Amino acid sequence: MDGKLELRETQKLEGHSDRVWSLAWNPVTGTGGVPAMLASCSGDKTVRIWQQGSSKSFDCTAVLEETHTRTVRSCAWSPSGKLLATASFDATTGIWQQIGSDFECVATLEGHENEVKSVAWNASGSLIATCGRDKSVWIWEMQSGNEFECISVLQGHAQDVKMVQWHPFADVLVSVSYDNSIKVWVEDGDDDWHCAQSLGESGSGHTSTVWALSFSECGNRMVTCSDDLTLKIWDTSGNPSQTSGDGYAPWQHICTLSGCHDRTIFSVSWSSEGVIASGAGDDALRLFVENKDNVVDGPSYSMLLKKDKAHAMDVNSVQWNPKDPQVLASASDDGSVKIWELVGVSQ
C-alpha cells in the first residue's frame, strides 16, 4: 500500500430500471479459468447476473425476474456458489439455482410479516439468516432437495433490522438495526439461539441506525457503518459463546472513524488484503487501512483515498471481489453498477 493509489472506474454496468440495492460476488468464480460472476438486485424487482468475458469486461448473462413482486433488497451466494438467495420487500426470500445458462427459483422462504431486508449464508452453507422490517431475524436450515426449515426466530431488536451477516468461520450471526444496536447471536445447542452480546451506545456503539457490517478475512475484526456518519472497528476475536455473569464482553470497540462522509454510510466491505471500502448517501466511496506504525494506543485506521462523485446518486452497496482484492463493485440509486480497480499511480 506504499505510494499513491487511485480507484479507477473500469466499467459501468447498466440494465436495471430502478435503484440498485445490493451486490454479491460469486465466491467460487474468478479463479482457475472460471470467469468472475457478480449478482445485483434492484427496485425493479429483478436480479441481474453479470459475467466477465474474455476481454475482462462484464456482460449481463441472466435476468432473474417474474418471481418477486416488489423490490429485491439483498442477494447472497451460497459458499459453493451454486445457489443464490434473494430477499425481497414482498416478504419472501427466493433460492435460485443455475440450470444450464438459466437460473430457476427452486425454493421460496416465507414467514416474515413484511419487507425482508437482508439474507446471508453461514460459512458451511447449512444455514441461512434473514431479517426484516418486522424486527425479527430468522434462521433457516437447509434440508435435502433444496428444502429449508425455519429453526429459530430471534426477537431482540426494537426496530427494523437492516442487515444480517455470519462470522467467516464460526456459527455466530450478527444483526444491525434501526434501533442503533449491533446484536451477536449464538446457538446454545439443539437449534436454540440467543443474543450473546448487544453492542450499543453504552459500549461505544453507534448513535443512529446501523446499516451494514463486514468482517475482516480472518474474522478477528468487524467494521460497522451508520447513519451517525461513522465507521466503527470492533475486536471480534473473543468467543461470544463464553459469556460470564461478571459483565465480560467478548467483542470490544477498537476505534471510530468519523468525518469521512457527510451523509449516511450505507455499505462497508473489508477486502482480503485488509482494505475497508465504504459507500454513502454523499455519492462517494472511501477506502481505509490500518496504521501499522502507531500501535501504542491500540490499533488505528486512516483514510487511504476518497472518490467523490463515484455515482450520480446514493451509493447503496460496495463489495470487494474475494478472488481479486483490487477489484471493487459499487451499486447506486442511479441504477448503475460500477467496477473499480485499485491501482498504483506513478509519481
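A single entry from S317, S302 fulfils the requirement of being part of a strand (DSSP E or B) and without any contact (Cβ under 8 Å) to a residue 24 or more places away in the chain: S302.
Quick one: is T230 modelled with pLDDT of 95 or more, open to solvent by 10 Å² or more (accessible area, probe 1.4 Å) and under 19 Å from the mean Cα position of the chain (by Cα)?
Values: modelled with pLDDT of 95 or more: yes; open to solvent by 10 Å² or more (accessible area, probe 1.4 Å): yes; under 19 Å from the mean Cα position of the chain (by Cα): yes.
So T230 fits the description; yes.
Sort through D262, D190, D235, D228 and tell me the only one that's within 30 Å of T108 (Cα to Cα) and either charged (D, E, K, R) or out of contact with any strand residue (DSSP E or B) (no Cβ under 8 Å at 6 or more places or on another chain) (or both).
So the residue among D262, D190, D235, D228 that is within 30 Å of T108 (Cα to Cα) and either charged (D, E, K, R) or out of contact with any strand residue (DSSP E or B) (no Cβ under 8 Å at 6 or more places or on another chain) (or both) is D190.
If you go through segment 86-107 and pick out every residue that is farther than 13 Å from C41 by Cβ and either under 21 Å from the mean Cα position of the chain (by Cα) or open to solvent by less than 70 Å² (accessible area, probe 1.4 Å) (or both), you end up with 8. For K82, the stated conditions hold: it is farther than 25 Å from D314 by Cα, of a type in the set (K, R) and within 22 Å of the chain's Cα centre (by Cα).
For beta carbons closer than 7 Å, sequence separation of 6+ or different chains, a first residue in segment 44-70 that is more than 20 Å from I339 (Cα to Cα) and in a loop (DSSP other than H, G, I, E, B) and a second that is open to solvent by 50 Å² or more (accessible area, probe 1.4 Å) and small (G, A, S), the qualifying pairs are D44/S17. For segment 247-280, a residue qualifies if it is of a type in the set (G, A, S), closer than 20 Å to D314 by Cα and crowded, with 19+ Cβ neighbours inside 10 Å, and the qualifying residues are S267, S269, A277, S278, G279, A280.
Every residue, every condition in (1) within 19 Å of the chain's Cα centre (by Cα); (2) more than 25 Å from C218 (Cα to Cα); (3) crowded, with 18+ Cβ neighbours inside 10 Å, yes or no:
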site	(1), (2), (3)
W138	yes, yes, yes
E141	no, no, no
E147	no, yes, no
S152	no, yes, yes
D160	yes, yes, no
V164	yes, no, yes
A170	yes, no, no
V176	yes, no, yes
K183	yes, no, yes
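Restricting the search to segment 38-51, which residues are among the charged types (D, E, K, R) and open to solvent by 40 Å² or more (accessible area, probe 1.4 Å)? Full working, then the answer.
Going residue by residue through segment 38-51, those that are among the charged types (D, E, K, R) are 44-45, 48.
If the condition is that a residue be among the charged types (D, E, K, R) and open to solvent by 40 Å² or more (accessible area, probe 1.4 Å), then K45, R48 are the ones that fit.
Looking only at residues that are of a type in the set (A, V, I, L, M) and in contact with a Ser or Thr (Cβ under 9 Å, 6 or more places away or on another chain) in segment 1-37, which one is surrounded by the fewest Cβ atoms within 10 Å (Cβ to Cβ)? Restricting to residues being of a type in the set (A, V, I, L, M) and in contact with a Ser or Thr (Cβ under 9 Å, 6 or more places away or on another chain), the top hit is V28.
Against the list (1) open to solvent by 50 Å² or more (accessible area, probe 1.4 Å); (2) modelled with pLDDT of 95 or more; (3) not β-branched (V, I, T), the condition A120 fails is (1).
The values are calculated or read from the model by the stated rules, or taken from the named source; none is laboratory data. Please read these numbers as outputs of a predicted model, since none were measured by experiment. All Cβ positions, glycine included, derive from the backbone under ideal geometry; neighbour counts span all protein chains shown. Areas reflect the complete protein model, heavy atoms only, side chains present, ligands, DNA and RNA absent. Shrake-Rupley method; radii C 1.70, N 1.55, O 1.52, S 1.80 Å.
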